[in-house]
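The values are calculated or read from the model by the stated rules, or taken from the named source; none is laboratory data. Just so we're clear, the structure is a prediction, and the values are computed from it rather than from any experiment. We place every Cβ from the backbone using ideal geometry, glycine too, and count neighbours over all the protein chains shown. In case anyone asks, the SASA skips ligands and DNA or RNA and just uses the protein heavy atoms, side chains included. Shrake-Rupley method; radii C 1.70, N 1.55, O 1.52, S 1.80 Å.
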Amino acid sequence: MSREPVPQAAESADPDDVLIASKYLNSRYPWQDPAEQVPYGRVLLIAATLKWDPAAVAVRLEALGYADIERPEGPFPGAVEPDDVRLITGVDRRFGAQPIDLGTTVSLRQVAESAALTNRAPADVARRLTDLGYRVGTGAGPLPESPHLRDITLVRADRRGEYFDWGAEVSAGQVLELAQELSCSPYVAAARMVALGLRLPYTPDPGDEQLLGHRDATSTTPNGGGWYGRWWSPPVGHILTVARETGRSHADIIARLRELGCQPPDGNVPDEPEPDDLVLLSENVDGRAPWMVKNHSVGLRVRHILRASLATGRSPAYVAGRLTELGHWLHENAILPETADEADIRLLATLTRSYKDDVHLEDVLRSATLTGRSPSDVAARLTALGHRLPDEATYPDIRPLARAE
């Protein structure tokens, strides 16, 4: 197999000449072909490697027989620093590491990745590339003057390796997805993306954090939980709470959440909330997050209805009716007692079956053991509450020994 001719520089006694002639600047084959144009970026890379001025590199290349050298519009820049190598080397390495093409506009991805690799601010990277003779794209305003590692992800259009470029429009849903991936506030992500030169269908507002933050009483994170994402439907309890805390109307909150990329509310937001609504909608029946999420499969849990009934002093029928008005629903098999009883709440807490499922002998025996009630008592009470017990079994009237009084 034949090789291309060895350039005169590769046979030089000067080690610098050998390095200049090597295609990958490693003083080894393959060699840079003197018949091809020497890219401007290669001149800069040689300058950084040998610690020469780019103009001196161009002079030496010509002396070694490389007559066609790509040059910037103005004079060559001064010294090229070692850190500049990461700025000059292109981020698209499908065909190996290559210097940035002088004839194209430096991409937003190039600026973001170079900034991360060198721990420099995007604005600083853009200025340095401009000083080196490159043309850098711009957004609607100045680039950030502070570095941040999340910038690389924020300019990524998808996981297939596509990236946003200067002035690209990013959908609200994409902002939420990227924020979720980075575990950061969607507002912070949106504001940074605008600063990086991207366009959004809305103007980021600090108040968005309160709208998008879902809170959890047990959480220690700054927003108290997490952030609603692209496919989330904010619970009614969240919207009512934000309205009470901010004084904004329900309609305004819902409209802004939709503008930010969220799904419609998970239920019906009342025009005039009732005093007990937040208690009924809260998982812990305490009027605070976490909020109950609409169960599209099995409907309301009777245990929650009974707990809310005791917490508010309302009847189970009232609680179920009000929750239905708020967008929830009760399974057709459910039978509500006239009054709430702690014994029923304890019993239902042991049951792992919904109204869509049959309750079998082993379920009854498990509940009997956990509650200290007899299997026959458990079976009778579950039947009275609407659960199906299809097993042809005789349930003992004896309470479990371990729990018997």
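In this structure, is residue 396 touching a Ser or Thr at 6+ places or on another chain (Cβ under 7 Å), open to solvent by 40 Å² or more (accessible area, probe 1.4 Å) and part of a loop (DSSP other than H, G, I, E, B)?
Numbers: touching a Ser or Thr at 6+ places or on another chain (Cβ under 7 Å): yes; open to solvent by 40 Å² or more (accessible area, probe 1.4 Å): yes; part of a loop (DSSP other than H, G, I, E, B): yes.
Answer is yes for this residue.
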Within segment 221-324, helices (runs of 4 or more DSSP H) holding 1 or more residues that are under 30 Å from residue 185 (Cβ atoms) and open to solvent by less than 10 Å² (accessible area, probe 1.4 Å): 236-246, 250-259, 277-281
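Which members of segment 53-75 meet the condition of being part of a loop (DSSP other than H, G, I, E, B) and either in contact with a Leu (Cβ under 9 Å, 6 or more places away or on another chain) or of a type in the set (Asp, Glu) (or both)? First the steps, then the outcome.
Taking segment 53-75 first, the residues part of a loop (DSSP other than H, G, I, E, B) are 53, 64-68, 70-75.
Of everything in segment 53-75, those that are part of a loop (DSSP other than H, G, I, E, B) and either in contact with a Leu (Cβ under 9 Å, 6 or more places away or on another chain) or of a type in the set (Asp, Glu) (or both) turn out to be 53, 67, 68, 70, 71, 72, 73.
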Number of positions in segment 71-125 that are among the hydrophobic types (A, V, I, L, M, F, W, C) and open to solvent by 30 Å² or more (accessible area, probe 1.4 Å): 6
Qualifying residue in segment 127-139 (condition: modelled with pLDDT under 90, open to solvent by less than 50 Å² (accessible area, probe 1.4 Å) and over 30 Å from residue 8 (Cα atoms)): yes
Any hit, segment 49-66, residues being out of contact with any Ser or Thr (no Cβ under 6 Å at 6 or more places or on another chain), open to solvent by less than 50 Å² (accessible area, probe 1.4 Å), of a type in the set (Phe, Trp, Tyr) and at pLDDT 95 or above: no
First in segment 349-368 and closer than 22 Å to residue 295 by Cβ, second anywhere and outside any loop (DSSP other than H, G, I, E, B) and open to solvent by 50 Å² or more (accessible area, probe 1.4 Å), Cβ under 6 Å, 6 or more apart: 350/370; 358/388
Of all residues making up segment 260-287, the number that are in contact with a strand residue (DSSP E or B) (Cβ under 6 Å, 6 or more places away or on another chain) and either more than 14 Å from residue 241 (Cα to Cα) or in contact (Cβ under 8 Å) with a residue 60 or more places away in the chain (or both): 1
Contacts under 6 angstrom Cβ, first residue in segment 67-81 being more than 8 Å from residue 54 (Cα to Cα), partner of a type in the set (Ser, Thr, Tyr), 6 or more apart: 70/40
Long-range neighbours under 6 Å by Cβ, at least six apart or interchain, first residue modelled with pLDDT of 95 or more within segment 299-323, second hydroxyl-bearing (Ser, Thr, Tyr): 316/309; 319/309
Which numbered condition residue 39 fails, given (1) open to solvent by less than 30 Å² (accessible area, probe 1.4 Å); (2) in contact (Cβ under 8 Å) with a residue 24 or more places away in the chain: (1)
Conditions (1) open to solvent by 40 Å² or more (accessible area, probe 1.4 Å); (2) in contact with a helix residue (DSSP H, G or I) (Cβ under 6 Å, 6 or more places away or on another chain); (3) assigned to a helix (DSSP H, G or I); number of the one not met by residue 145: (3)
Residue 343 being open to solvent by less than 50 Å² (accessible area, probe 1.4 Å), farther than 30 Å from residue 229 by Cα and over 33 Å from the mean Cα position of the chain (by Cα): yes
Search result, residues across segment 148-198 that are outside any helix (DSSP H, G or I), among the charged types (D, E, K, R) and either touching a strand residue (DSSP E or B) at 6+ places or on another chain (Cβ under 7 Å) or open to solvent by less than 40 Å² (accessible area, probe 1.4 Å) (or both): 156, 158, 169
Residue match in segment 247-257 (condition: at pLDDT 95 or above and closer than 26 Å to residue 353 by Cα): no
First in segment 373-393 and under 15 Å from residue 362 (Cα atoms), second anywhere and of a type in the set (S, T, N, Q) and in a helix (DSSP H, G or I), Cβ under 8 Å, 6 or more apart: 373/367; 378/367; 378/371; 382/367; 389/383
Pair list, Cβ under 8 Å, 6 or more apart: segment 139-164 residue charged (D, E, K, R), other residue assigned to a loop (DSSP other than H, G, I, E, B): 145/121; 150/184; 151/144; 151/196; 156/162; 156/164
Selection count, segment 90-119, where residues are modelled with pLDDT of 90 or more and within 19 Å of residue 166 (Cα to Cα): 17
Within segment 346-388, tally of residues that are assigned to a loop (DSSP other than H, G, I, E, B), open to solvent by 40 Å² or more (accessible area, probe 1.4 Å) and either more than 21 Å from residue 307 (Cα to Cα) or hydrophobic (A, V, I, L, M, F, W, C) (or both): 3
Subset of segment 12-28 that is in contact with a helix residue (DSSP H, G or I) (Cβ under 8 Å, 6 or more places away or on another chain) and assigned to a loop (DSSP other than H, G, I, E, B) - its residue that is surrounded by the most Cβ atoms within 10 Å (Cβ to Cβ): 25
